[in-house]
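A short worksheet on the structure shown next.
The values are calculated or read from the model by the stated rules, or taken from the named source; none is laboratory data. In this text, all values refer to a predicted model and were calculated from it rather than measured experimentally. All Cβ positions, even for glycine, are placed from backbone atoms using ideal geometry, and neighbour counts span all protein chains on display. Side chains are part of the model used for accessible areas, which takes the heavy atoms of the whole protein and leaves out ligands, DNA and RNA. Shrake-Rupley method; radii C 1.70, N 1.55, O 1.52, S 1.80 Å.
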Amino acid sequence: MALLKILIFPDQRLRTVAEDVLEIDDEVKKLTSDLLETMYKGNGIGLSATQVNIHKKIVVVDVSEEKNSPLILINPKVEILDPEERTYSEGCLSVPGFYEEVKRPSKIKITATNLEKKEFSIEASDLLSVAVQHEMDHLEGRIFVDFLSNLKRQRIRQKLIKKSKVAV
């Protein structure tokens, strides 16, 4: 397993729309393992392949307290089961240090393929629903800051740019 480099907003590569995974092979299995290791190391609850500059429809999520219940989603699709939106405080490994309120549908159905090449579906609400929707946005080239006002988004952008220049 290896730690992967996470792209940081406003990196334009985060805007790339991911492509379907055509074959679940050893390379995909290694990538999911590396994504999980990177997510856990960063204290995240979700990570998409897009965030590490691999533009394939792969998402890993683990909302368990013990960090021992990973969910691997290959070519995921989401169906909204309850359109009523709830507000959640969201953060992102690609937008480090920022948490903002985002409204999302409260209950969804996720259909995806697992590493054993089997399609499965689960219903999700609360934190799992938010985490999956957040990661699905990454696969479409969206970031949670896109749901914020222009002023908030610009402020976050400027702070992260300034922080990256200080770190160099």
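Under the condition of being out of contact with any Asp or Glu (no Cβ under 7 Å at 6 or more places or on another chain), open to solvent by 50 Å² or more (accessible area, probe 1.4 Å) and not hydroxyl-bearing (S, T, Y), the residues counted in the stretch 26-62 number 9. Across the stretch 61-68, a minimum of one residue is classified as of a type in the set (V, I, T) and under 12 Å from the mean Cα position of the chain (by Cα).
Any residue at all in the stretch 3-23 that's aromatic (F, W, Y), within 15 Å of the chain's Cα centre (by Cα), on the phi < 0 side of the Ramachandran plot and not in a strand (DSSP E or B)? The answer is yes, given that some residue of the stretch 3-23 is aromatic (F, W, Y), within 15 Å of the chain's Cα centre (by Cα), on the phi < 0 side of the Ramachandran plot and not in a strand (DSSP E or B). Do we have any residue at all in the stretch 128-143 that's in contact with a Gly (Cβ under 7 Å, 6 or more places away or on another chain) and of a type in the set (D, E, K, R)? Yes, the stretch 128-143 has at least one match.
Contact map, the stretch 57-69: first residue closer than 20 Å to K30 by Cβ, second residue small (G, A, S) and open to solvent by 50 Å² or more (accessible area, probe 1.4 Å), Cβ cut-off under 8 Å, separation 6 or more or different chains; pairs are D62/S69. Within the stretch 104-140, being over 23 Å from D34 (Cα atoms), of a type in the set (D, E, K, R) and more than 16 Å from the chain's Cα centre (by Cα) holds for K107, K109, E123.
Got at least one residue in the stretch 154-168 being touching a His at 6+ places or on another chain (Cβ under 9 Å), under 15 Å from D11 (Cα atoms) and not aromatic (F, W, Y)? No, that holds for no residue.
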